[in-house]
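Below is one structure; the comments refer to it alone.
The values are calculated or read from the model by the stated rules, or taken from the named source; none is laboratory data. Every value quoted in this text rests on a predicted model; they were computed, and no experiment measured them. Every residue, glycine as well, gets a Cβ built from its backbone with ideal geometry; the counts of neighbours run over all protein chains shown.
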Amino acid sequence: MKRLRFPLIAGLLLFILSAWPLFLYAREIVLGAMANARYDLLPVYDGTSVKFGGNEIVLSDAFTEPEDTWREGSVAVVINGTDYSHPAPVVVRPAYRDANRYHGYLKLVELYDNRTQDSVMAVIQRISGTKPAAQRQDALAWRLLLVGRDGTVTEETFRYGEQATPLYRKMLANFASPMGIGFYSDVMYAYPTLVVPLFYPFVTGIAGLLLLLAALLIRLFARRPRNAP
């Protein structure tokens, strides 16, 4: 049937072209909802040190004089008097005495787990370096220190592509990243336009489903006997 051919072919084509990006969006939305339901994040904004459950975490560097010029160097991470520093260089903004001092490289964040009803203090640091090549997504890497209320320190290191499990990795890595990153895909952080993602894949995906539905209805009504009520 000629009137069946167009909606069927057009619907299949639009749906196939839209299915994969729609899946990427849906997966990020579902994982984001799961992560936000389980974890609450309380970033430290007003300084580079914090006291947490009787523990003291201090971030410091060698640039003691305030100045507008950004500097490059290592940051000392000291937890309860023990040095947990990583040698990777970061960009330091000496003019700031708050969390902006290590913006995009190092952050203190309290991570509350709604399932266990307990929290840890996270020290998330980007350890892939400061060179232009280290700013690419596939070059990104992080070191994560989780400080429990009892003083226990757990260390994790992960690269881009390994941030989805556990879910808190992606949430924390975005505090120490040159761009927004997703769990498995960065589609949620792409610069939106009227074409992408509004027209493609959402409008094209819906149009494809509607055309397939129209083809199905045409097929069903074409099979009905002419004398059927």
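For the reader, a short list of remarks on this structure follows.
- Checked against the criterion of being in contact (Cβ under 8 Å) with a residue 40 or more places away in the chain, more than 26 Å from Ala88 (Cα to Cα), among the hydroxyl-bearing types (Ser, Thr, Tyr) and surrounded by 12 or more Cβ atoms within 10 Å (Cβ to Cβ), the candidates Tyr189, Tyr200 yield just one match: Tyr200.
- The one condition from (1) closer than 24 Å to Arg97 by Cβ; (2) surrounded by 13 or more Cβ atoms within 10 Å (Cβ to Cβ) that Pro66 does not meet is (2).
- Tally of residues being within 20 Å of Arg38 (Cα to Cα) and crowded, with 17+ Cβ neighbours inside 10 Å across the range 133-163: 5
- Per the conditions (1) part of a loop (DSSP other than H, G, I, E, B); (2) under 14 Å from Ala173 (Cα atoms); (3) out of contact with any Pro (no Cβ under 8 Å at 6 or more places or on another chain), the sole criterion not satisfied by Ala88 is (2).
- Scan the range 160-178 for residues that are touching a residue at least 24 places away in the same chain (Cβ under 8 Å) and not in a loop (DSSP other than H, G, I, E, B) and the total you get is 9.
- Condition check for Ile79: within 29 Å of Asp150 (Cα to Cα) and either of a type in the set (A, V, I, L, M, F, W, C) or modelled with pLDDT of 95 or more (or both): yes
- Looking across Asn36, Asn100, one residue alone is in the same structural domain as Ala164 (by TED's automatic domain parsing) and part of a helix (DSSP H, G or I). It is Asn100.
- The condition (being of a type outside the set (S, T, N, Q) and either surrounded by fewer than 18 Cβ atoms within 10 Å (Cβ to Cβ) or under 18 Å from Thr154 (Cα atoms) (or both)) is satisfied by just one residue among Leu14, Leu42: Leu42.
- Verdict on Asp46 being part of a loop (DSSP other than H, G, I, E, B), among the acidic types (Asp, Glu) and within 24 Å of the chain's Cα centre (by Cα): yes
- Restricting attention to the range 185-204, the residues that are modelled with pLDDT of 90 or more and small (Gly, Ala, Ser) add up to 1.
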